[in-house]
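Report on the structure given below.
The values are calculated or read from the model by the stated rules, or taken from the named source; none is laboratory data. Predicted, not measured: the structure shown is a model, and the values here were computed from it. When we count neighbours, we look across all protein chains shown, and the Cβ atoms used for this are built from the backbone with ideal geometry, even at glycine.
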Amino acid sequence: MLSLTNVQVNYGAAPALWDVSLSINEQELVSVIGPNGAGKTTLINAIMRLNDLKAGQMHWMGEDVSGLSAHLLCEKGIALVPESRRLFTNMTVLENLELGSMHPKARSERSRTMEQVFELFPVVKQKLAQKAGELSGGQQQMVAIGRAMMALPRLLLLDEPSLGLAPAIVSDMFKAIQSIHQAGTAVLLVEQNVSRALSISSKTYVLENGRVVAQGPSAEIASRSEIKKAYLGL
Ligand SMILES: Nc1ncnc2c1ncn2[C@@H]1O[C@H](COP(=O)(O)OP(=O)(O)OP(=O)(O)O)[C@@H](O)[C@H]1O
Ligand SMILES: [Mg+2]
């Protein structure tokens, strides 16, 4: 469905990703783990083309999309829930959701998709008229995921969806991610909560210093002693 081949991303002259290759199959849930500053956000933003590819290619459904803009990738079915959510805090929840569905297909399905978002996150329906900035962190994350779902993605990119949330909400968030996946959407999940990310994904990439240093079935990655030591506190 999506593949990156030998991708490099720079900030100015400084490379932040080196020679990264990665693939996600249709309806797959893939996780990316790694320490702070490893390049996880750089990677997920590069897929959405918020960062340019300095080298390498990206293919989507067999087509070379390396040169396409975020806007066109969104129309093709990729949606991003960015790190720290990036809601329009002075706009209402409803307005934030509507902004997720600007391309023609998403717009024509808007009310139906919104019902699906409410099924996933019932509390969002109660908050439609409220400013997004007035919501709790967990509720804001729900709106951020809802906004991305409004674009009718076939691949959802999630950058640290559980960051800063209360433990009880974290479980709900992971359940919601699993529901989205089970309903047929592929997911690329960047997470600091490594044990949960490993347990819900089928495949995991480990990123360190801008390079993929390990990859494989999540169960196999979870069983490696260096991963247990570095990421699982065992
Ligand atoms: N806009 C930027 N300009 C310059 N350097 C940047 C920029 N954004 C990130 N970097 C650097 O690129 C590297 C990778 O950062 P990135 O944010 O992708 O890491 P991360 O794995 O997402 O970290 P975290 O777990 O803290 O979210 C870091 O060294 C960071 O300092
Ligand atoms: Mg990050």
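Mind listing whichever residues of the stretch 194-234 are of a type in the set (Gly, Ala, Ser), assigned to a loop (DSSP other than H, G, I, E, B) and without any contact (Cβ under 8 Å) to a residue 60 or more places away in the chain? Within the stretch 194-234, just Gly233 meets the criteria. Checking each residue in the stretch 168-189 for being assigned to a helix (DSSP H, G or I) and under 12 Å from Val30 (Cα atoms) picks out Ile177, Gln178, His181. Consider Arg85 against the criteria (1) part of a loop (DSSP other than H, G, I, E, B); (2) surrounded by fewer than 20 Cβ atoms within 10 Å (Cβ to Cβ): it satisfies all of them except one. Which criterion is unmet? Going through (1) part of a loop (DSSP other than H, G, I, E, B); (2) surrounded by fewer than 20 Cβ atoms within 10 Å (Cβ to Cβ) one by one, Arg85 breaks only (2). If we keep just the residues of the stretch 6-41 that are among the polar types (S, T, N, Q) and within 11 Å of ligand 2 (Cβ to nearest atom), which is nearest to Ser66 (Cα to Cα)? Here the residue is Thr41.
Among the residues making up the stretch 16-50, those that are buried (at least 16 other Cβ atoms within 10 Å of the Cβ) and part of a strand (DSSP E or B) are Ala16, Leu17, Trp18, Val20, Leu22, Ile24, Leu29, Val30, Ser31, Val32, Ile33.
Among the residues examined, Leu156 does not qualify as within 26 Å of Glu109 (Cα to Cα) and outside any strand (DSSP E or B).
Taken together, the residues in the stretch 153-193 that are within 16 Å of ligand 1 (Cβ to nearest atom) and either touching a strand residue (DSSP E or B) at 6+ places or on another chain (Cβ under 7 Å) or without any contact (Cβ under 8 Å) to a residue 12 or more places away in the chain (or both) amount to 9. Among the residues making up the stretch 114-138, a single one is under 12 Å from Met173 (Cβ atoms), in a helix (DSSP H, G or I) and at pLDDT 95 or above: Leu120.
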